[in-house]
Each structure stands twice: as structure tokens, then as C-alpha cells.
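Trainee: Let me begin by handing over the structure; questions about it come next.
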Amino acid sequence: MFSFNNLFRILFISVSFYANASGQTTITEINNFGENPGNLKLFFHSPNDSLKKNDKKPLVIVLHGCSQTAEIAARQSGWNKLADEFGFYVLYPQQLFFNNTAECFNWFNENDVSKDKGEVLSIREMISYAVKNYLIDTTQIFIYGLSAGGAMTIAMLSDYPALFNAGASLAGGPFMAAANPLEGMSMMNHPAAKSPEELGSLVRNQNPDYKGNYPRLIIIHGEKDFVVNYKNAYELIKQWTNVMDIDTVPSLEIDSFKNHADIKRFSWIDKMKNEVILFYSFDDMGHSIPVDPGNEKNQGGETGLFAVDKNFFSTYYIAKDFGLIKD
């Protein structure tokens, strides 16, 4: 029988992030982590034994793309390698086929992205479990997501702004851009141009009494993305500059970032002279995460369908922007 979930499986199969068959990860499933209204699984990675000291460490939450698993996300992104080298924990929520037949996080479902409901509450409970059971530095909690996971990353930042230091959304879009699957399909292909105030209000409505700062944000998107339209990056920028009360015009632009001719790096600086939004725009990239397989310090990740070797280990540079890697 036809259903929206089956429709999304057909449409989102091309959105999926696959990994090579080779490579191992060390992630452990954790059951009974708390309330789980979103019916998600939890996997966890601890840094290697040499870094297991009695001091608090940062935590990174990694949200996979459609038809992907936590293990595939771990291999392709290379987060575990960096965790072992620089000393932090990585938490991997995983979607179930029962919830979404394309195994996408339900970023287009209002009951899964509104504060303290559905999938966002499940992820919040996972973080609470980690904080209670591991030595976590609660001032250094970060979140990262790919595609549907990128959109869910923005939902978490919007719902729980005081929880996160920063987040990164790769090929995602703004918060509450859709309220059902059909709107989600439309937004992916032809995002509606909304005003910064309208977009910002969608975030503020989740915490109307919140007076604190919103988390720093890193965005990565390819101009040749024919699955999630590149214009979604600019809608997200309008939304996040509005909640941060800064200009939509970037403060700084770097062409040919790190001598990569097709990478531009835009940054927005707040009134306190802090770099609070970063946008890495790839001229010659589609719906992919950029990786750079290799053994050098700034190399990592695995190639596969929708994970391309751009000689740029994006996770490494995101980790630097998070402050997890010190020069």
C-alpha cells in the first residue's frame, strides 16, 4: 500500500550516504538510556584507552543521513579517528525502519522536531544519559548531521540552545521548513524564500523566554546539490543570523580556502567579535560530504556513494572550528 513513508523511501534513497564495505568502527549499542518517544537506537564511542583519564571530555553527537546507519556515518565521517586522537566522546543516534522506511530522521514531522517531543526528546535523553554516565564537559557538547540528520541538527540547536556549544549541518536546511512529507519534498527542491524574521521566529517560538546565546553554527553545502537545493543554505543563514541578531551579509569571505579553488569560506562575526556562523560553500560538489582518505593528521573519512574525495577532510576542519583541535 502506498504511504508517505514509502514515497520518502523512493525519493530519499538517492539522498542516502553509503560507506565502503571495508573499515571497522568501535561503537557500542546502549539500551535503556531513558525516555524514548522517538523510538531511536543509541550507539556510543569512547576514546581509546590511552585517553581514558579522570578528566571531563567533550561530547559530539553525530546524526546520520537517510538509509544510513550509525556505523556507516562513523566510517564515512571519520569522527572516531579524531575522538581517539584528541580525546572526546561520540554519540550516534540511529533511526529505525519502523519509524521511517527510508530510515531518515523525521525532520519534516512537527511532532518529532518540536521541543520535548518525539525524536528530539529521544536524542535529548541520550545526551542526558551520557552526561550522567561518563565524564562529559557540559560546556563542550556539539552536534553534527548529514542531510536529514543535518536538518535534525538544526532542530536540536533550536529546541535546546543552552545545551550546545556549536553545531554543524551538512546539506541540510532551516528549522521548521516543513510540517509534513509533501512540504518536505517541496522544501528540498524549491525552498520558499522567507524573511529572516519569519525564519527566526520559528526558532524563538520553541523557547519564548530564552535570553541566552544561540549555539555557533557551521554549514557545508555543494552548489551542485540536486537533492537538497543549495538555496537551503541561505535560508538557514537567514534564520540563524536573525536569532543571533546579526547582519545577513558575511563579515569575511575567503576564496580558495586552504588552496582549494572550489571552496569558499564565509564567516559572520557577532557584536562581541566572535565568529559565530561559518559557511563552507563548494562550487563543484553535489549532495555529498567531502572527505580526504589518508593517514596524515588532517586526512580521514571514507569515500562511497555521496561521500566524495575532495582532498578536504571536512570533519577535521569542523572539529577545529568547534575548538576540539588546537593548533
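Nothing in this text is a laboratory measurement; each read-out follows from the coordinates by a stated rule. Fair warning: this is a prediction, and the values are worked out from it, not measured in the lab. FYI the Cβ positions are ideal-geometry reconstructions off the backbone, even for glycines, and counts take in every protein chain you see.
Trainee: So if each residue of separation counts as 0.36 nm, and I subtract the Cα-Cα distance between Lys117 and Asn189, what length gain in nm does that give?
Mentor: Once the chain is fully extended between Lys117 and Asn189, it gains 23.2 nm.
Trainee: Restricting everything to alpha-carbon atoms, can you work out Rg to Rh for the chain with a Kirkwood hydrodynamic radius?
Mentor: Reported Rg/Rh (Cα atoms, Kirkwood Rh): 0.93.
Trainee: Regarding region 130-229, what's the average projected area of the Cα-atom convex hull, expressed in nm²?
Mentor: 7.4 nm²
Trainee: When the chain is fully extended, how far beyond the present Cα-Cα distance does Glu275 get from Ala162, taking 0.36 nm per residue of separation?
Mentor: Working it through step by step, the gained length comes to 38.9 nm.
Trainee: Sticking with this structure for a sec: Of Ser147, Ser169, Ser195, which has the largest mean-square fluctuation in a 10 Å C-alpha GNM of the chain?
Mentor: Ser195
Trainee: Let me know the volume per residue of the alpha-carbon convex hull for region 174-228, in Å³.
Mentor: 101 Å³
Trainee: With no solvent and one equal point scatterer per Cα, compute the Debye intensity ratio I(q)/I(0) for region 100-160 at 0.12, 0.13, 0.21, 0.24 Å⁻¹ and report its log10, rounded to two decimals.
Mentor: Log10 I(q)/I(0), no solvent term: -0.30, -0.35, -0.84, -1.02.
Trainee: Now, a different point. Tell me which residues come under 5 Å, amide H to amide H, from Val308 once H is placed; ignore anything under 5 positions away on its chain.
Mentor: Sorted by chain and number, the residues that satisfy this are Ile289, Val291.
Trainee: Using the scaling law 2.2 N^0.38 Å as the reference, what is the normalised Cα Rg of region 216-327?
Mentor: 1.08
Trainee: Please list the radius of gyration and Dmax for region 283-327, considering alpha-carbon atoms only, with Å as the unit.
Mentor: Rg then Dmax for region 283-327, in Å: 10.8, 32.
Trainee: Test of understanding: in a Gaussian network model of the chain with alpha carbons linked when under 10 Å, which of Phe306, Phe105, Phe226 would top the mean-square fluctuation ranking?
Mentor: Among Phe306, Phe105, Phe226, the largest GNM mean-square fluctuation belongs to Phe226.
Trainee: What does the charge add up to near Gln95, with Lys and Arg as +1, Asp and Glu as -1, over the other residues with Cβ less than 10 Å from its Cβ?
Mentor: -1
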